[in-house]
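Report on one structure; see the data block that follows.
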């Protein structure tokens, strides 16, 4: 069986696709997995690293602001559709799967016109533009949240399954995680990140957290993101402080961590709840329909996390980190409540449904 995935733009779109691909291979190692994505985003680097064949498609999002790139957007749409039809004709996949991002649009549209079963997974509570456009055409829609169905035209073909996470996340030991970043497994560790591109508010607040960590003998693993490489310029060099532009092995980062500071995108929350990691969540304030804050509120209500508003982060983050890092019992309780929210079988459920479509 051959399955083509269309995914990328951000790790939040890409990693659920990789998780599903891994489950398909786990069920049948002979499954052929291929990916379509864009040349300049995270998928172009990560997909080949994972051992999957990658096919670039020329497409981008349409900016709501006045930008010159919008002038050539119609050309990109036409070219990407042509590329997608040619790719599908060449590969002849049994099923085409999209997990969000603009690259899904032309690939799944071409597949549906070609009579190939198509699947979309939407990880966020409020579906993206591409998902809303495709929902009426695809064979099946999988969602993470029940509320998502109200915005989709295909509610009868929608199934709530959770957000797929990679099984490898559960395999890393704390000792291996610490060793990977030159840290000690015996010291309390904070893992801060804002996604593959970074988060300016988190980066701005982290130098104060680093100073507190050095004073208290804690360790910090801090991913600044690709777009904010100078964020840590004022942080002193210290053996317990590791600052990286990008962490390729998030499983090892999580394994080393006693507390996570991050955004509240659906994929991140799925990873946290799979592992049971106590977290301070900082919702991205400009997310569509404020879905990141809704995601975070669900975690807070369950006692699995603390939420801080983006605008107040510089004033409040250090104190919040100190409260949790000095209260092991509170972190342990958060960990148990986080685990109770997890859906570690989501990838397997979707993989089984894909196999069912392939033979239907």
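The values are calculated or read from the model by the stated rules, or taken from the named source; none is laboratory data. All values derive from a computational prediction rather than experimental measurement. Please note: Cβ atoms are built from the backbone with ideal geometry, for glycine as well, and neighbour counts cover all protein chains shown.
Here are the numbers for this structure:
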{"read-out": "Of the criteria (1) modelled with pLDDT of 90 or more; (2) touching a helix residue (DSSP H, G or I) at 6+ places or on another chain (Cβ under 6 Å); (3) crowded, with 24+ Cβ neighbours inside 10 Å, which one residue 194 fails", "value": "(1)"}
{"read-out": "Of residues in segment 38-51 being closer than 16 Å to residue 21 by Cα and touching a helix residue (DSSP H, G or I) at 6+ places or on another chain (Cβ under 7 Å), the one surrounded by the most Cβ atoms within 10 Å (Cβ to Cβ)", "value": "43"}
{"read-out": "Residue count for segment 182-215, restricted to those that are out of contact with any strand residue (DSSP E or B) (no Cβ under 9 Å at 6 or more places or on another chain) and part of a loop (DSSP other than H, G, I, E, B)", "value": "3"}
{"read-out": "Members of segment 201-220 that are free of Cβ contacts under 8 Å to residues at least 60 places away in the same chain and either closer than 24 Å to residue 44 by Cα or touching a helix residue (DSSP H, G or I) at 6+ places or on another chain (Cβ under 6 Å) (or both)", "value": "220"}
{"read-out": "Members of segment 219-236 found to be in a loop (DSSP other than H, G, I, E, B), over 15 Å from residue 249 (Cα atoms) and within 23 Å of the chain's Cα centre (by Cα), listed by number", "value": "226, 227, 228, 229, 231"}
{"read-out": "Filtered residues of segment 243-262 (kept if farther than 23 Å from residue 43 by Cα and buried (at least 21 other Cβ atoms within 10 Å of the Cβ))", "value": "255, 256, 257, 259, 260, 261"}
{"read-out": "Checklist (1) at pLDDT 95 or above; (2) touching a helix residue (DSSP H, G or I) at 6+ places or on another chain (Cβ under 7 Å); (3) surrounded by fewer than 19 Cβ atoms within 10 Å (Cβ to Cβ) applied to residue 318, failing item", "value": "(3)"}
